[in-house]
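The values are calculated or read from the model by the stated rules, or taken from the named source; none is laboratory data. Just so it is clear, the model here is predicted, and its values are computed rather than measured. As a convention, Cβ positions derive from the backbone with ideal geometry for all residues, glycine included, and neighbour counts pool all protein chains shown. Please note that ligands, DNA and RNA were not included when accessible areas were found on the heavy atoms of the full protein model with its side chains. Shrake-Rupley method; radii C 1.70, N 1.55, O 1.52, S 1.80 Å.
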Amino acid sequence: MGDEDTELEARLEAQDVFEPPESFVEQANVSDPGIHDEFAANWPDCWDRAAEMLDWNTEYDQTFDGSNPPFFEWFTGGELNASANCVDRHLEERADEAAIEWVGEPTDEANRTYTYADLHREVNEAAAALREMGVGEDDVVTLYMPMIPELAIAMLACARIGAPHSVVFAGFSADALATRMNAADSEYLITADGYYRRGDPLDHLEKANEGLAGVEHDTDTVVVGRLAANGDGFGHDLTETQHDYDDLLAGHEGAEVEPVARDAEDMLFLMYTSGTTGEPKGVKHTTGGYLAWSAWTSHSVLDIKPEDTYFCSADIGWITGHSYIVYGPLALGTTTMMYEGTPDYPERDRLWEIVEEYEATQLYTAPTAIRAFMKWGTEYPDRHDLSSLRLLGTVGEPINPRAWKWYYKHIGDESCPVVDTWWQTETGGQMITTLPGVNDMKPGSAGPPIPGIDAEILDTNGKQVDPGRAGYLTIQKPWPGMLRTLYKNDERFVDEYWREYSDTDSDDWRDWTYFPEDGAKIDEDGYITVLGRVDDVLNVSGHRLGTMEIESAIVGVEGVAEAAVVGGDHDVKGEAVYAYVITEDGYEEDEELRQAIIAGVEDAIGPIARPEQVIFTPELPKTRSGKIMRRLLEDIANGEDLGDTSTLRNPDIVEDIRVSVQG
Ligand code: WT7
């Protein structure tokens, strides 16, 4: 490093507040510092601002209906269609502009551009094909697809005919697919024959078929020939209830399907996410509130303009891709990028190559990716001209100041604001973040709640904690993008998110408080630092994994008697899965069993849940009342001092486990 660089590093390191660049503020969609007060003073009518971003078939009568807490409703009486808002309404001005720029993993494959006219054509044809297959309004269609344009098209086609979609991340296992299709009574599946990973074609249809075998009802399936189109298919024969996507669409060439007018509160989609119990939660999002939320935050936080080329590197299989690859950006009529592969294939500069080639204006990624970029070194971004970038964003987990500053300097050249956006599958979109054209940035802290959001940090008694002290993050008022319930499980919805901090007997909405199950602290300026989950949910590479789900996969393996899963610190993934396992009598604690356990987890959930370490132990540390001491297992995983363990039922075991992990 040269002297100049060292000086710069030192300056950056010492700096803990960053002003938004003047050049950014001048052109920002939102730059009026008064917006925070204005929204606070006009709640809930402030949210008309979000609804106004959409085209409505029927105007709504009421902005907010809090009469039946916590089943809140927004924009009641209004009718609209999400696909019309994301596609049709842009045709007049942007028919020939790119809606989706898709980049496949193989570098020798032609990239694909879908203009708004192309998107309109294919969404209509797909909608007509789905209808013909029997998909009716309110039928849940499961999408189990890799990052190909047909995924976004299928979502919009479903939205067009009022069929809620349930996207299952392609990296999830066959079992995970079956569980979700069964839970949603979903009779339709759209999938693909495969995709590319690090240069190799991957057989996805085999996994889908395996999943279908575990579905309890009859199904119809549509298969996109992603690999077959390149001559790389695996030669699966389609069954009678499986249809080739291209063939289906060819039967509907030029079809036009009138977008179904959906009630604002009608379900747009379901998204399954992990919770404390083994059973995934089906988060229900609505057409009006969710779409308004994703559009408004794309406008105010990501500063998206129609002429931008906006790049979010997430997978559409997660909520980030729903809100900030598909719905938000397309509602604003911009160009949204989709990339099939990983950032390090064929080389570690792939993302930077894409940014340069497409002159991307925003990049929205995850701290885990940024930590990997840091590890790989600056030579990769340095090879490319990244000057088209105007804004950087992160999401998914806390970002430490060092990674923030690296991103700000080496990717943003100190001229792009960085938005550290806290939100969840359940919130539908961003909730706590600086507005890039308004607020100063403090690396490591997400920032204030966005205008109109009221967040407080409370202790276990519901009292606000002092600035600087750790407490529990709560959201005091409802917002349009919030989940409406857990699919077919209102009771669990109330228990999971409301019971902790609400007066659940009250029918006054003001007595209800949303609890996201995160710990946090706030500073004197109202900036919130989110500390992480306070439930038994891990955050591995920005993905949510329930420890119970992993444990039940492990105890399903022959030879395992008991298991406890905790998160251990990991420099790239953030958290890694540590599995403590007790074997059944007569089974060896050997490599074979270790591999069977890893395979068991991959089969039940997917490779993302793969244990980093499997630790065999004769016992688990337990309290006198028999509760597993997870905290202790975490401390062991992290090589920390264990303190006093004498109150345990079995104190000796701790030292044995510690030695086997820490050596
Ligand atoms: C959990 C939600 C939001 C889309 C991707 C993840 C953690 C998310 C941040 C952030 C600190 C964050 C929280 C949250 N989280 N963003 N900027 N800073 N923590 O969605 O799978 O529903 O997970 O991710 O713990 O509760 P998700």
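Computed quantities for the displayed model
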{"item": "Percent RCO, i.e. relative contact order, over the chain, from Cα pairs under 8 Å lying at least 6 residues apart", "result": "13 percent"}
{"item": "Most positive-pole-ward Cα, VAL25, LEU642, ALA446, against dipole of the chain from beta carbon charges", "result": "LEU642"}
{"item": "For ARG131, solvent-accessible area (1.4 Å; no DNA, RNA or ligand), Å²", "result": "110 Å²"}
{"item": "For the stretch 388-545, diffusion coefficient by Stokes-Einstein and Kirkwood Rh (Cα), 4 °C, 1.567 mPa s, µm²/s", "result": "78 µm²/s"}
{"item": "Kirkwood-Stokes translational diffusion coefficient of the chain, alpha-carbon pairs, 37 °C, 0.692 mPa s, µm²/s", "result": "127 µm²/s"}
{"item": "Dimensions (Å) - the stretch 244-306, Cα atoms, principal axes, largest first", "result": "45, 38, 24"}
{"item": "ARG631, ARG371, reordered so the largest accessible area comes first (probe 1.4 Å)", "result": "ARG631, ARG371"}
{"item": "More than 17 Å apart - percent of Cα-Cα pairs taken over the stretch 130-192", "result": "33 percent"}
{"item": "Geometric extent, Cα atoms of the stretch 126-238 - Rg, Dmax (angstrom)", "result": "13.3, 40"}
{"item": "Given charges at Cβ of Lys, Arg, Asp, Glu: the chain dipole, positive-most of TYR116, GLY278, THR335", "result": "GLY278"}
{"item": "Solvent-free Debye scattering, log10 I(q)/I(0), computed from the Cα coordinates of the stretch 536-662 at q = 0.11, 0.12, 0.16 Å⁻¹", "result": "-0.35, -0.42, -0.75"}
{"item": "Projected area averaged over orientations for the stretch 455-530, convex hull of C-alpha atoms, nm²", "result": "5.5 nm²"}
{"item": "Förster radius 41 Å - calculated FRET efficiency between GLU240 and HIS384, Cβ distance, rounded to 0.05", "result": "0.25"}
{"item": "The chain, helix-only ellipticity at 222 nm - DSSP H runs n ≥ 4, -39,500 (n - 2.57), divided by all residues, nearest 500", "result": "-8000 deg cm²/dmol"}
{"item": "The stretch 60-84 versus the stretch 410-489: alpha-carbon centroid distance in Å", "result": "23 Å"}
{"item": "Positive-end residue of TYR196, PRO164, MET181, charge dipole of the stretch 86-201 with Cβ unit charges", "result": "MET181"}
{"item": "Computed Kirkwood radius, in angstrom, where 1/r is averaged over Cα pairs of the stretch 604-658", "result": "12.3 Å"}
{"item": "Student exercise, the chain dipole from Lys, Arg, Asp, Glu Cβ charges, in Debye to nearest 20", "result": "1020 debye"}
{"item": "Accessible area of the chain divided out per residue, in Å², using a probe of 1.4 angstrom", "result": "39 Å²"}
{"item": "Percent carbon-and-sulfur accessible area, the chain, ignoring ligands, DNA and RNA, probe 1.4 Å", "result": "41 percent"}
{"item": "Inter-centroid distance (Cα atoms) of the stretch 317-393 relative to the stretch 608-646, Å", "result": "37 Å"}
{"item": "Label point distance in nm, ASP508-ASP218, each placed 7 Å from Cα along Cα→Cβ", "result": "5.4 nm"}
